[in-house]
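A.B. asks: Mind having a look at this structure? Questions to follow.
The values are calculated or read from the model by the stated rules, or taken from the named source; none is laboratory data. Keep in mind the model is a prediction, meaning the values are calculated, not measured. Neighbour counts are summed over all protein chains in view; Cβ atoms, including those assigned to glycine, are modelled from backbone coordinates with ideal geometry. The protein model used for the area step is the full one, side chains on, heavy atoms only, and it has no ligands, DNA or RNA in it. Shrake-Rupley method; radii C 1.70, N 1.55, O 1.52, S 1.80 Å.
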Amino acid sequence: MPETTKAAAPAPVPAAAPVTAHGSRLGGAVRWDTAVGALLIVLLICSFSFVGNFGNALNVSFLIGNTLPIALIALPMTMLVVSGEIDLSVGSTAGLSGAVMGALWNGGMAIETIIPLCLLLGAVCGLVNGLLVTRLGLPSLAVTIGTLAAYRGIAQIVLGADSVTDFPQQYLDFGSGRIDGTFIPYAAIPFAVLLLIAVVVLHATPFGRSLFAVGASEEAARFAGIRVKRAKLAMFVTTGVVSSLTGVFWALHYASARYDNATGLELSVIAGVLLGGIDFDGGKGTLGGAIAGVFLLGAGQNVMSLLNVSAQSQIVVTGVLLVISVLAPRIGRQIAQSRARRRAADRAPAVLASS
């Protein structure tokens, strides 16, 4: 490893911009996730003030409803990336879940039976990903690119080119309706509950701390007694279940179950999570920052739509933000480390002289 070949510094080097399990810092003072949250607030204030129809209750409800599928998957995806892994098959898992939901409904099965079966299917998809990564030692990036294509292909086999739209009205109302007299979608309530659970698990339990430890250093985590493979496998399964739940919600929210539902959703999820300050290498970040990143991305896309920016241009902006969210924290850390080394080098002569 390159770290073992470095010469020892003449004096301890203090970290000018410490990076902890709570997130990276910019300029040694402001945390990245705090900056993203502040940017989201600024964007909302400017949009309410200067973008026509943005503050309309129907548009705000539309914005929240369209962002919820991304935010749902971002909950387990954040934990998975914190542990040093990634799942690019989440959109295909959601699409497969929606396709199976439509096929079973066409077959006459009750919706109350279909939804648990779809969640079980999601668990199986996540289990396949997890076993390939943890038991065979394959890289999660390569594995989930493969299952991204495989799950989408299975979805097409299951439902073909059909589109199922005649789900029970009460479920469609829940998927796309809003609480009477407000702009808040009904689906925002269970999301808030899941968000609270995820925050507690990641930031206030031994399991959450173990995910940060695994992402920071697998070897050190093993020496500390953490069951690394089991923790990662649990997160792959959880990601599969939540992706499947998102597929069910997607079909109900848009009143259509198709094999190509949620195509490209994984790009938005990863972009939002990384934009929120979750380190791609693992071990750093906060769930609050990830959700702020997701809604920043969603609000930005909504504003661009209101300003008649083309869908292709919106995809370009998403890709640019994804690159920036990966590069910016790394550049910030390199600058901070460089400053720390210079300060240490400046102090070294004084330390030697005093000794």
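A.B. asks: State which residue is nearest to Glu112 (Cα to Cα) when the search covers only the stretch 154-173 and only residues that are in contact with a strand residue (DSSP E or B) (Cβ under 9 Å, 6 or more places away or on another chain) and open to solvent by 50 Å² or more (accessible area, probe 1.4 Å). Explain how you work it out, then say what you get.
C.D. replies: In the first step, residues of the stretch 154-173 are kept if they are in contact with a strand residue (DSSP E or B) (Cβ under 9 Å, 6 or more places away or on another chain); the result is 159, 162-165, 167.
Next cut, open to solvent by 50 Å² or more (accessible area, probe 1.4 Å) only: 162-163, 165.
Working: Asp162: 22, Ser163: 20, Thr165: 17 Å.
It comes out as Thr165.
A.B. asks: Which residues, taken from the stretch 229-261, are over 16 Å from Ser89 (Cα atoms) and part of a loop (DSSP other than H, G, I, E, B)?
C.D. replies: Tyr254, Ala255, Ser256, Arg258
A.B. asks: Separate question: Being open to solvent by 20 Å² or more (accessible area, probe 1.4 Å) and within 20 Å of Val81 (Cα to Cα): is that true of Phe236 here?
C.D. replies: Numbers: open to solvent by 20 Å² or more (accessible area, probe 1.4 Å): no; within 20 Å of Val81 (Cα to Cα): yes.
So Phe236 does not fit the description; no.
A.B. asks: With (1) touching a residue at least 60 places away in the same chain (Cβ under 8 Å); (2) open to solvent by 20 Å² or more (accessible area, probe 1.4 Å); (3) part of a helix (DSSP H, G or I) as the list, and Leu88 as the residue in question, which single condition is left unmet?
C.D. replies: (3)
A.B. asks: On to the next question. Among Ala213, Ala221, which is the only one that is free of Cβ contacts under 8 Å to residues at least 40 places away in the same chain and surrounded by 20 or more Cβ atoms within 10 Å (Cβ to Cβ)?
C.D. replies: Within the list Ala213, Ala221, the selection yields Ala221.
A.B. asks: What are the pairs with Cβ atoms under 7 angstrom where one residue, in the stretch 305-326, is in a helix (DSSP H, G or I) and modelled with pLDDT under 85 and the other, located anywhere, is open to solvent by 60 Å² or more (accessible area, probe 1.4 Å) and hydrophobic (A, V, I, L, M, F, W, C)? Sequence gap at least six, or different chains.
C.D. replies: Thr318/Leu267; Val326/Phe280
A.B. asks: Filter the stretch 308-322 down to residues that are among the hydrophobic types (A, V, I, L, M, F, W, C) and open to solvent by 80 Å² or more (accessible area, probe 1.4 Å), then give me how many there are. Please lay out each step first, then the result.
C.D. replies: Of all residues in the stretch 308-322, those among the hydrophobic types (A, V, I, L, M, F, W, C) come to 309, 311, 315-317, 320-322.
So of that shortlist, the ones also open to solvent by 80 Å² or more (accessible area, probe 1.4 Å) come out as 315-316.
Here the count works out to 2.
A.B. asks: Go through the stretch 278-292 and give me each residue that's within 15 Å of Val199 (Cβ to Cβ) and open to solvent by less than 10 Å² (accessible area, probe 1.4 Å). First the steps, then the outcome.
C.D. replies: Going residue by residue through the stretch 278-292, those that are within 15 Å of Val199 (Cβ to Cβ) are 278, 285-292.
Passing the criteria: Ile278, Gly285, Leu287, Gly289, Ala290.
A.B. asks: Could you list, in sequence order, the residues of the stretch 133-153 that are open to solvent by 80 Å² or more (accessible area, probe 1.4 Å) and touching a residue at least 24 places away in the same chain (Cβ under 8 Å)?
C.D. replies: Arg135, Leu141, Ile145
A.B. asks: Considering (1) under 25 Å from Leu68 (Cβ atoms); (2) open to solvent by 20 Å² or more (accessible area, probe 1.4 Å), say which one Ile111 fails and leave the rest.
C.D. replies: Going through the list (1) under 25 Å from Leu68 (Cβ atoms); (2) open to solvent by 20 Å² or more (accessible area, probe 1.4 Å), Ile111 breaks only (2).
A.B. asks: Could you grab the pairs with beta carbons closer than 6 Å, sequence gap of 6+ or different chains, first residue in the stretch 159-171 and under 11 Å from Ala251 (Cα atoms), second one open to solvent by 60 Å² or more (accessible area, probe 1.4 Å) and part of a loop (DSSP other than H, G, I, E, B)?
C.D. replies: Pairs that qualify, where the first residue is under 11 Å from Ala251 (Cα atoms) and the partner is open to solvent by 60 Å² or more (accessible area, probe 1.4 Å) and part of a loop (DSSP other than H, G, I, E, B), are Ser163/Arg258.
A.B. asks: If a residue must be among the aliphatic types (A, V, I, L, M) and assigned to a loop (DSSP other than H, G, I, E, B), how many such residues does the stretch 264-304 contain?
C.D. replies: Step one: list which residues in the stretch 264-304 are among the aliphatic types (A, V, I, L, M), which gives 265, 267, 269-271, 273-275, 278, 287, 290-292, 294, 296-297, 299, 303-304.
In the following step, the residues that additionally are assigned to a loop (DSSP other than H, G, I, E, B) were identified as 278.
Counting residues in the stretch 264-304 that are among the aliphatic types (A, V, I, L, M) and assigned to a loop (DSSP other than H, G, I, E, B) gives 1.
A.B. asks: Next question. Being of a type outside the set (Gly, Ala, Ser), in a helix (DSSP H, G or I) and over 20 Å from Ser97 (Cβ atoms) is the filter here; which residues of the stretch 125-152 pass it?
C.D. replies: Across the stretch 125-152, the qualifying residues are Val133, Thr134, Leu141.
A.B. asks: I've got another one for you. Just need a number here: residues in the stretch 172-201 that are assigned to a loop (DSSP other than H, G, I, E, B) and more than 12 Å from His253 (Cβ to Cβ).
C.D. replies: 6
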